[in-house]
1. Quick one: net charge around residue 257, please, counting Lys, Arg +1 and Asp, Glu -1 for every other residue with C-beta under 10 Å from its C-beta.
2. Taking a 21 Å limit on the Cα-Cα distance, which of the listed pairs 288/313; 288/332; 197/223 fall beyond it?
3. In whole percent, what relative contact order does the stretch 315-414 give with Cα contacts below 8 Å and a gap of six or more residues?
4. Taking amide hydrogens as modeled 1.01 Å from N in the peptide plane, which residues meet the under 5 Å criterion relative to residue 223, leaving out close sequence neighbours?
5. For the stretch 157-222 and the stretch 356-414, what is the separation of their Cα centres, given in Å?
6. Suppose we keep just the alpha-carbon trace of the stretch 296-350; what are its Rg and Dmax in angstrom?
7. Amide H neighbours of residue 370 under 5 Å, at least 5 residues apart or on other chains, H built in the peptide plane: list them.
8. Report the GluC sites (Glu not before Pro) located in the stretch 306-362 that are in a DSSP loop and have at most 12 other Cβ atoms inside 10 Å of their Cβ, or state none.
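We did not get these values from a lab; they are worked out from the coordinates using the rules stated. Predicted model, so just to flag it, every value in this text is computed and none were measured. Glycine also receives a Cβ, built like all others from the backbone with ideal geometry; neighbour counts cover every protein chain displayed.
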Amino acid sequence: MEPLMRIARNAVETAVDTNSTSPSSPTHNFGNALKEKGKEAINFLSEKMHIPAWAVVVILIAALLLILTISICICVKCCCKNKGGKDKKKKGGFMGGIVDMKGVGLLNKTLNKESVQPDLESLEGNMEEGEGEEKEEEEQVNLGRLHFKLDYDFNKSELTVGIMEAEEIPAMDMSGTSDPYVKVFILPDKKKKFETKVHRKTLSPVFNESFVFKLPFGDIPQKTLVMAVYDFDRFSKHDQIGQLVIPLGSIDLCESLEDTRDLTSPDDEKEVLGDICFSLRYVPTAGKLTINILEAKNLKKMDVGGLSDPYVKLALVQNGKRIKKKKTTIKKCTLNPYFNESFTFEVPFEQIQRIQAQVTVVDYDRIGTSDPIGRVTVGYGTTGSELRHWSDMLANPRRPIAQWHTLQEVPEGK
């Protein structure tokens with residue numbers, strides 16, 4: 001603003017000086033007259049607006065610049081619009097106006113079927129190649145690797161399985177990570193299962209945990225070792241990421257075996273019994289254990305119509321004997337029942353460490369006997385997520401701890 005004011009002030013002073021010193025000629029006289037008129041107009045505006053003369057000059061210059069800028073913008077816009085209209089007319093061709101039938105006839109003669117329609121055989125070949133590539137990509141899905149160690153003690157008839165670490169586990173959570181842990185068991189009996197600790201938010205967990213199985217040497221050829229990697233989820237079913245299946249008869253246990261192998265896809269042929277969600281709450285001062293059966297999902301179909309009539313039986317077991325029993329209401333014709341039924345048992349603090357809670361889902365049958373669908377046992381003597389759920393309950397007194405569990409087969413006669 002200051003430079004403009006200085007220019008205006010100089011212009012006014014120059015006009016005054018020029019008027020007093022300019023030579024007397026017709027041109028100069030006309031110029032002097034114009035300058036006088038301009039000076040009078042500026043003085044008039046200055047008096048009316050109550051501002052100095054140089055300020056009036058600045059305002060006039062700014063107004064002229066604004067008008068000039070607007071005029072240039074309008075001209076540019078008009079030029080662009082005219083150019084666009086010409087392009088549209090050029091592009092319009094026969095689509096925008098009347099169709100030239102002679103041109104269409106010539107076009108039909110010039111183009112034959114082969115030039116317009118692609119070769120179907122080449123397309124099919126490309127499709128087959130693309131499908132082959134997709135199949136190869138599916139087959140090459142990376143589930144990560146597991147580093148393990150096997151050591152057999154012939155004197156004690158014990159197999160020690162060391163779970164060392166996992167590498168490049170795929171992300172199972174929305175955050176781009178996983179909460180992996182490993183289940184270790186021996187087929188076909190599955191009498192003893194072990195689980196590593198859960199490692200939070202990592203794709204390369206380091207476990208360094210060992211588990212011991214009592215295994216006579218004569219039984220080794222018929223046994224198969226399974227190391228299954230899971231993603232832990234407190235509020236839903238734990239997803240299996242991959243597994244290693246090692247027939248013990250195919251390896252030499254005379255020497256320690258340490259190896260890193262690729263995980264394979266989980267076995268989908270296993271019968272799915274369903275999942276159940278319930279909460280545990282224990283109040284030590286009152287000696288009360290509360291089990292709230294919330295819901296179940298994906299239960300096994302037990303009826304002819306492809307549904308079930310499920311209900312849940314609860315039993316507290318001590319030293320192999322059922323000491324207390326309760327059950328929920330029956331939910332008709334559903335594989336995803338919602339219960340939200342709570343049951344309270346009196347269990348003194350001295351006994352809570354020696355108690356098991358059996359949660360059994362049963363299919364109700366009005367005519368014959370009701371068939372059990374599956375069972376979950378938590379508490380004393382359990383392992384894995386079942387023991388973890390019980391431990392979380394004891395570590396958080398008076399607070400309900402909810403968790404999903406996968407139903408297991410119910411042993412015959414129990």
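1. Net charge in that neighbourhood comes out at -4.
2. 288/332; 197/223, as the Cα separations exceed 21 Å there.
3. About 20 percent, as a whole number.
4. Here 248, 249 satisfy the definition.
5. Centre-to-centre (Cα) distance: 23 Å.
6. 14.6, 48
7. Long-range HN contacts for residue 370: 365.
8. Taking the stretch 306-362 and a limit of 12 other Cβ atoms within 10 Å, the loop GluC sites (Glu not before Pro) found are 350.
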